[in-house]
Amino acid sequence: MVEHATSTVYIASPEGDTGKSTVALGVLQMLCATTARVGVFRPITRSTAEPDYILELLLEHSTADIGYEQAIGVTYEDVHRDPDAAISEIVMRFHDVAKACDAVVIVGSDYTDVASPSELRYNARIAVNLGAPVLLVVRGAERTPTEVKQLVELCSTELSAEHAQLVAVVANRCAPAEIDEIGAALAVFDVPSWTLPEVPLLMAPTMGELCGAIDGEIYSGDPELLQREALRIMVGGMTAEHILERLTDGVVVIAPGDRSDVLLSVVNAHEAEGFPSLAGVIMNGGIRPHPAIARLMEGLHPKLPILTTELGTYDTASAVHGTRGRMWAGSPLKVDTALALMEERVDAPELLRRIQVPPSNVVTPQMFEYRLIERARADRKRIVLPEGDDDRILRAAGRVLQRKIADLTILGDETSVRARAAELGVDIAAAQVLDPRTSGYLDEFAAEYTQLRKHKGMTLERARETMADISYFGTMMVYKGIADGMVSGAAHTTAHTIRPSFEIIKTVPGVATVSSVFLMCLADRVLAYGDCAVVPDPTSEQLSDIAISSAGTAARFGIDPRVAMLSYSTGSSGSGADVDKVRVATELVRERAPELPVEGPIQYDAAIEPTVASTKLPDSEVAGRATVFVFPDLNTGNNTYKAVQRSAGAVAIGPVLQGLRKPVNDLSRGALVADIVNTVAITAIQAQGDQA
């Protein structure tokens with residue numbers, strides 16, 4: 001027996017190719033959004049010779065401190081050798097994992113060894129021995145609704161025979177046209193059932209995976225595009241014009257290197273406006289293009305990946321058609337698609353209720369990020385992303401749109417932006433794309449800016465030049481209410497991002513200082529650090545502005561604000577200009593916001609650690625319990641947040657700008673796609689205002 005209650009769910013299927021990893025990933029995210037320590041366990045893995053890519057993927061998204069080897073039970077060889085001994089080993093290894101977790105997602109076998117009708121029963125035996133309820137996943141592809149229902153009935157009987165508890169059913173990979181009928185057929189069961197449509201992307205191999213399957217090499221093209229999924233295969237055995245007629249988005253064309261007409265046509269079609277965006281070309285037979293054609297293609301600088309292989313046409317086509325795409329930790333588009341699918345189609349609260357997940361008092365980074373996205377989705381706002389020429393922005397935009405976090409306007413040349421997104425395999429069809437230089441808003445914005453800056457001698461001609469700048473154009477969109485907020489800075493400086501805000505949007509009444517906070521997601525809580533990005537050496541008045549703004553930002557994101565005004569001295573023990581500045585700032589905060597718990601000057605350890613606080617400031621309501629930390633200067637704040645981020649493994653979300661009338665947020669130039677998505681969600685929540 002484990003020493004504490006651990007919630008478990010056993011994800012089982014009666015066959016292979018059910019897309020069980022999609023369901024497992026979605027369930028894992030649901031648990032991580034509500035539970036602190038969520039682990040993963042694989043009772044039976046394929047072999048010890050090669051990594052289990054599903055387990056690696058799930059461990060990447062789990063929150064418990066569980067390593068790969070610890071998360072494995074036994075191999076198929078162990079099961080064949082002695083099934084009963086294998087179960088004993090599985091039980092022992094599972095309980096070692098459960099001790100370190102509040103919840104565990106258990107992923108059953110994959111039917112990749114010697115599949116037999118008894119394999120589901122064996123999974124049921126394991127589930128019973130682990131005390132885990134079963135979430136059954138069946139394949140709807142190439143089955144009628146009646147056949148899916150009959151399969152679930154059969155599986156339910158198998159599970160009951162082993163006394164396993166069935167808590168829910170997911171019919172995955174259903175034909176979209178039959179998904180409602182399948183759902184109706186499954187409604188007869190006394191457990192909830194959900195249906196997921198067949199999504200070709202989730203099964204499609206990437207160009208990189210195809211390169212491995214054909215033992216190929218990269219001939220030319222953008223290596224970044226090897227991550228793109230190949231949605232369809234076409235053997236280019238016909239004339240070029242007929243190939244062009246049959247091109248579709250995401251197609252891979254197979255042709256020998258001496259088919260110069262095909263190669264040139266396909267490469268140019270990929271770049272041409274009005275033609276589909278291809279996944280790549282495979283030149284088979286070990287034939288390279290004629291030197292003159294090779295020189296011409298090189299001069300075109302094609303971004304389209306072109307691979308070469310020694311295999312003949314038939315063997316190349318067979319290898320490509322037989323390659324199934326894997327959803328693994330390095331396939332972000334598949335992961336995002338799977339998560340969005342589960343969010344949209346599965347009732348998370350009902351499933352969690354069925355597997356009895358207790359409420360959690362802690363807030364992990366994953367829980368905080370999930371809550372951000374949920375709040376942003378609840379009242380969707382339009383966010384403008386000025387840097388449409390940055391791949392990270394486009395990838396983030398695809399994720400934001402797919403998960404319905406916000407509506408988006410992307411700035412840049414529309415043809416170029418949409419073409420690059422298509423090359424990356426990113427769907428931004430729902431986004432508005434505007435070019436500031438040619439937009440119909442340009443004259444209106446220039447006139448508005450001229451009025452706003454006429455006291456500075458602004459002319460209409462200069463205003464038109466200024467408004468053609470993406471940061472100024474995006475900021476004016478926010479000012480005019482065309483967009484609700486802006487996120488920029490992935491490829492521009494902080495000054496370039498926020499200077500237009502000072503000129504156009506300006507600060508909220510009663511606050512003269514634009515500042516920032518980082519939301520620091522520690523292992524069990526979220527803190528606010530300000531200011532770490534904007535004001536280099538704040539005065540006492542500016543520090544009080546920063547404290548009040550930071551407390552307001554913290555409260556908006558679910559953090560109960562208790563403000564620590566940091567210094568190298570605590571209470572009245574120290575003196576000097578730096579300490580006095582903080583002391584004056586603390587008094588200003590008390591005068592301006594008497595309801596706000598604030599302490600200062602105070603050292604960091606006394607602010608966060610109860611045992612230190614009990615010695616240094618025993619009667620303080622903030623000491624030892626602070627949630628908002630206000631640093632005396634930018635040098636201290638910036639270095640501290642980075643030290644905590646790197647040394648404590650905290651997730652730093654921000655900088656979140658505060659003090660402006662409307663939300664504009666700056667990105668680090670090293671921002672990852674996930675950072676951009678989080679910042680868009682934060683900006684959307686800020687734009688929700690008092691409704692948030």
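I need to check one value: relative contact order of segment 108-236, counting alpha carbon pairs closer than 8 Å and at least 6 residues apart, in percent.
Normalised by residue count, the contact order of segment 108-236 is 21 percent.
In nm, what is the difference between 0.36 nm times the number of residues separating E465 and D524 and their Cα-Cα distance?
Extending this stretch completely gives an extra 16.4 nm.
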Quick check: residue separation of D315 and L672 times 0.36 nm, minus the Cα distance between them. What number comes out in nm?
124.6 nm
Using the heavy atoms of the protein chains alone and a 1.4 angstrom probe, what is the accessible area of the chain per residue in square angstrom?
41
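Quickly rank 249-257, 7-15 as a protection proxy: mean count of other C-beta atoms within 10 Å, highest first.
7-15, 249-257
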Can you sort E241, E461, E178 by 1.4 Å-probe accessible area, starting with the largest?
E461, E241, E178
Can you compute 3J(HN,Hα) from phi for each residue in segment 77-93, using the Karplus curve 6.51 cos²θ - 1.76 cosθ + 1.60 with θ = phi - 60°, rounded to whole Hz and x for Gly and Pro?
4, 5, 5, 5, 5, 7, x, 5, 5, 5, 5, 4, 5, 4, 4, 4, 6
Got a number for carbon plus sulfur as a percent of the chain's accessible area, 1.4 Å probe?
50
Can you give me the distance in nm between label points at A577 and E273, each placed 7 Å from the Cα along the Cα-to-Cβ direction?
6.0
Taking all protein chains together and a probe of 1.4 Å, list Y68, Y122 from the most accessible to the least accessible.
Y68, Y122
Highest average packing first - 623-629, 330-336, Cβ atoms within 10 Å:
623-629, 330-336
Please calculate the 1.4 Å probe accessible area of I482, with all protein chains present, and give it to the nearest 10 Å².
50
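Could you compute the net charge surrounding I72? Neighbours are other residues with a C-beta less than 12 Å from the C-beta of I72; K and R count +1, D and E count -1.
-3
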Length-normalised contact order for the chain - Cα pairs under 8 Å, 6+ apart - percent
11
Please work out the FRET efficiency for the pair N361 and Q451, using the Cβ-Cβ distance as r and a Förster radius of 60 Å; give the result to the nearest 0.05.
0.70
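Kindly state, to the nearest 0.05, the FRET efficiency for D249 paired with D537, given R0 = 56 Å and r defined as their beta-carbon distance.
0.55
I need the calculated FRET efficiency for the pair N639 and A378, taking r as the beta carbon distance and R₀ as 30 Å, to the nearest 0.05.
Working: r = 36 Å, r/R0 = 1.21.
Computed FRET efficiency for N639 and A378: 0.25.
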Exposure of H290 as accessible area (Å², to 10), given a probe of 1.4 Å and all protein chains
120
Taking segment 503-659 as the region of interest, what is the percent of Cα-Cα pairs per 10 angstrom bin, listed from the shortest bin to the one with the maximum distance?
12, 45, 36, 7, 0
Which of the lysines could a cross-linker bridge to K99, judged by Cα under 26 Å and excluding same-chain residues fewer than eight apart?
K20
Search the structure for amide H atoms under 5 Å from the amide H of I254, placed 1.01 Å from N in the peptide plane, and list their residues when 5 or more places away or on another chain.
M234, V235, G236, I282
Summing -39500 (n - 2.57) over every DSSP H run of at least 4 in the chain, dividing by its residue total and rounding to the nearest 500, the 222 nm mean residue ellipticity is -13000 deg cm²/dmol
Taking a probe of 1.4 angstrom, what is the accessible area of I66 in Å², to the nearest 10?
20
Return the Cα extents of the chain along principal axes one, two and three, sorted largest first, each rounded to a whole Å.
78, 71, 44
Taking Rh as the Kirkwood radius computed over C-alpha pairs, what is the Stokes-Einstein D of segment 153-287 at 37 °C in a medium of viscosity 0.692 mPa s, expressed in µm² per second?
181
Roughly how many nanometres apart are two label points built 7 Å out from the Cα toward the Cβ at Q150 and T615?
7.5
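The values are calculated or read from the model by the stated rules, or taken from the named source; none is laboratory data. Everything numeric in this text was worked out from a predicted model, so none of it was measured. Note that we place each Cβ from the backbone using ideal geometry, even for glycine, and neighbour counts take in every protein chain shown. Surface accessibility is based on the protein's heavy atoms, side chains included, excluding ligands, DNA and RNA. Shrake-Rupley method; radii C 1.70, N 1.55, O 1.52, S 1.80 Å.
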